[in-house]
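Student: Would you mind keeping the following structure in view while I ask a few things?
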Amino acid sequence: MQFLEKDVNALIEKYLIPIDKIWQPSDFLPNSESDNFFEDVKEIRELSKELPYDFWVVLVGDMITEEALPTYESWLMDVEGVNQMDGQNGWAKWVRHWTAEENRHGDVLNKYLYLSGRVNMKEIEKTTQYLIADGFDIGTARDPYKNFVYTSFQELATYVSHNRVAKIAKDKGSLQLGKMCKIISGDEMRHHHAYAEFVDRIFKVDPNQMMLAFQYMMKQKIAMPAHFLRESGAKISTAFDEFSNTAQRIGVYTSLDYVEILEKLIIRWEIDRMTNLNEEAEKARDYLMALPSRMMRLADRIKIPENSFQFKWVEPARLK
Ligand SMILES: [Fe+2]
Ligand SMILES: [Fe+2]
């Protein structure tokens, strides 16, 4: 981490966008200072009626995942080599700047959902509060290598899901919502490239340990950041599987996507070409190279329930 830290300022410049230049939630929402505000909101509410039940569930789940940002920031601040007490620590600066960019995602989605009139905001707010209070455990401990594998994977996963939501919204005529989710997915892709470069640089100087960390994370599977999701009155983690089934059912994020992300990481880090490894790391490399086809066979067998699961977040009666 100290080795990479000297380049963090350059990496911030390369991968994050200056605050005065980047988009803000208000760019994609009706302007409440304008006389057209009520007309614009009415249009959103009309267009929203065209979007199906499962779509709203997924958008809500995605928004809640984004709104649990305090969990992710505090987790990353605790990683070895990150030190917010040291004003000069480049990694703490990276985490703050990354958080500041990410914060716009939950913000804009939350406001749009509120205006849509399609969802039960109070139930959603309770789930968000629960999720932040419950925290998460992504199995990386404080290890930077494992954490950067996780973030490389996860940023790409959020790219996929926001991008697919954007496409559904656009196809159903909610163009503004489509644009919004598209631009969020662009942020996620940019962040993915940053974390993937961190890993790339570590591979150059410490290939054995980096390979073992990659294998460790894939062996235990990448836990989604919202894996503790619950609805009001329910036990921890009880809503996650149905949220995930819903995302699979409408093709927003599937087990096939999981395997494809793994394949992309293997290609990005040129795992197949790594030869300067010790015996243990060579075994890890071979394990990783064989993993996508093994997982693909499993993904084929997974059956997703056909019927929508009834969440408190979205009441079907309101969708008629
Ligand atoms: Fe995000
Ligand atoms: Fe992200």
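Student: Kindly state which helices (runs of 4 or more DSSP H) lie completely within segment 26-96 and contain at least 1 residues that are within 26 Å of the chain's Cα centre (by Cα), within 16 Å of ligand 2 (Cβ to nearest atom) and of a type outside the set (Lys, Arg).
Tutor: In segment 26-96, the matching helices (runs of 4 or more DSSP H) lie at 53-67, 69-77.
Student: Taking the criterion of being at positive phi and outside any helix (DSSP H, G or I), would at least one residue in segment 237-251 satisfy it?
Tutor: Yes, segment 237-251 contains a residue that is at positive phi and outside any helix (DSSP H, G or I).
Student: Also: Hey, any hits in segment 7-16 for a residue that's under 30 Å from GLY173 (Cβ atoms) and part of a loop (DSSP other than H, G, I, E, B)?
Tutor: No - not one qualifying residue is present in segment 7-16.
Student: Out of (1) in contact with an Asp or Glu (Cβ under 8 Å, 6 or more places away or on another chain); (2) in a helix (DSSP H, G or I); (3) open to solvent by 10 Å² or more (accessible area, probe 1.4 Å), the odd one out for LYS146 is which?
Tutor: (1)
Student: If you don't mind, there's one more thing I want to ask. Please work out if GLU101 is in contact (Cβ under 8 Å) with a residue 60 or more places away in the chain, within 11 Å of ligand 2 (Cβ to nearest atom) and farther than 15 Å from ASP62 by Cα.
Tutor: Values: in contact (Cβ under 8 Å) with a residue 60 or more places away in the chain: yes; within 11 Å of ligand 2 (Cβ to nearest atom): yes; farther than 15 Å from ASP62 by Cα: yes.
The answer is yes for GLU101.
Student: Something else: Which count do you get for residues in segment 79-106 that are open to solvent by 50 Å² or more (accessible area, probe 1.4 Å) and within 16 Å of ligand 1 (Cβ to nearest atom)?
Tutor: Within segment 79-106, residues that are open to solvent by 50 Å² or more (accessible area, probe 1.4 Å) and within 16 Å of ligand 1 (Cβ to nearest atom) number 4.
Student: Could you tell me which of the residues PHE198, PHE203, PHE228 is away from ligand 1 (no atom under 16 Å from the Cβ), within 15 Å of the chain's Cα centre (by Cα) and of a type in the set (Phe, Trp, Tyr)?
Tutor: Values: PHE198 fails: within 15 Å of the chain's Cα centre (by Cα); PHE203 fails: within 15 Å of the chain's Cα centre (by Cα).
That would be PHE228, the only listed residue that is away from ligand 1 (no atom under 16 Å from the Cβ), within 15 Å of the chain's Cα centre (by Cα) and of a type in the set (Phe, Trp, Tyr).
Student: Same structure again: Could you check how many residues of segment 42-61 are in contact (Cβ under 8 Å) with a residue 40 or more places away in the chain and open to solvent by 20 Å² or more (accessible area, probe 1.4 Å)?
Tutor: Adding up the residues that qualify gives 6.
Student: I'd like the residue in segment 107-127 that is within 16 Å of ligand 2 (Cβ to nearest atom) and hydrophobic (A, V, I, L, M, F, W, C) and, out of all such residues, is surrounded by the most Cβ atoms within 10 Å (Cβ to Cβ).
Tutor: LEU109
Student: Within segment 243-261, restricting attention to residues that are among the polar types (S, T, N, Q) and within 21 Å of TYR53 (Cβ to Cβ), which residue is surrounded by the most Cβ atoms within 10 Å (Cβ to Cβ)?
Tutor: THR246
Student: Have a look at LYS204, LYS179 and point out the one that is free of Cβ contacts under 8 Å to residues at least 12 places away in the same chain and either open to solvent by 10 Å² or more (accessible area, probe 1.4 Å) or part of a helix (DSSP H, G or I) (or both). Step through it out loud before you land on a result.
Tutor: On the way: LYS179 fails: free of Cβ contacts under 8 Å to residues at least 12 places away in the same chain.
After applying the criteria, what remains is LYS204.
Student: Determine, yes or no, whether THR158 is over 22 Å from LEU11 (Cα atoms) and either out of contact with any helix residue (DSSP H, G or I) (no Cβ under 6 Å at 6 or more places or on another chain) or not aliphatic (A, V, I, L, M) (or both).
Tutor: The answer is no for THR158.
Student: Looking only at segment 124-134, which residues are within 14 Å of PHE240 (Cα to Cα) and either of a type in the set (D, E, K, R) or in a loop (DSSP other than H, G, I, E, B) (or both)?
Tutor: ASP134
Student: Is at least one residue of segment 152-160 over 18 Å from the mean Cα position of the chain (by Cα) and modelled with pLDDT of 95 or more?
Tutor: No - not one qualifying residue is present in segment 152-160.
Student: Here is a follow-up. Out of everything in segment 40-69 that is among the aliphatic types (A, V, I, L, M) and within 15 Å of VAL108 (Cα to Cα), what residue ends up being farthest from ligand 1 (Cβ to nearest atom)?
Tutor: VAL41
Student: Within segment 220-242, how many residues turn out to be of a type outside the set (Gly, Ala, Ser), surrounded by fewer than 18 Cβ atoms within 10 Å (Cβ to Cβ) and free of Cβ contacts under 8 Å to residues at least 60 places away in the same chain?
Tutor: 4
Student: Just checking, does segment 165-173 include any residue being within 14 Å of the chain's Cα centre (by Cα), within 16 Å of ligand 1 (Cβ to nearest atom), at pLDDT 95 or above and closer than 27 Å to ILE138 by Cβ?
Tutor: At the first step, the residues of segment 165-173 found to be within 14 Å of the chain's Cα centre (by Cα) are 165.
Among the residues that remain, those that are also within 16 Å of ligand 1 (Cβ to nearest atom) are: 165.
Applying the additional criterion that residues be at pLDDT 95 or above yields 165.
From the residues that got through so far, the ones that are closer than 27 Å to ILE138 by Cβ too are 165.
Among the residues of segment 165-173, at least one is within 14 Å of the chain's Cα centre (by Cα), within 16 Å of ligand 1 (Cβ to nearest atom), at pLDDT 95 or above and closer than 27 Å to ILE138 by Cβ, which makes the answer yes.
Student: Related question: Within segment 290-314, can you find the residues that are open to solvent by 30 Å² or more (accessible area, probe 1.4 Å) and under 15 Å from ALA247 (Cα atoms)?
Tutor: Answer for segment 290-314, where residues must be open to solvent by 30 Å² or more (accessible area, probe 1.4 Å) and under 15 Å from ALA247 (Cα atoms): ILE302, LYS303, ILE304, PRO305, GLU306, ASN307, SER308, PHE309, GLN310.
The values are calculated or read from the model by the stated rules, or taken from the named source; none is laboratory data. Here the structure is a predicted model, which is why all the values come from computation and not from measurement. We place every Cβ from the backbone using ideal geometry, glycine too, and count neighbours over all the protein chains shown. We work out accessible area using only protein heavy atoms, side chains counted, and drop any ligands, DNA or RNA first. Shrake-Rupley method; radii C 1.70, N 1.55, O 1.52, S 1.80 Å.
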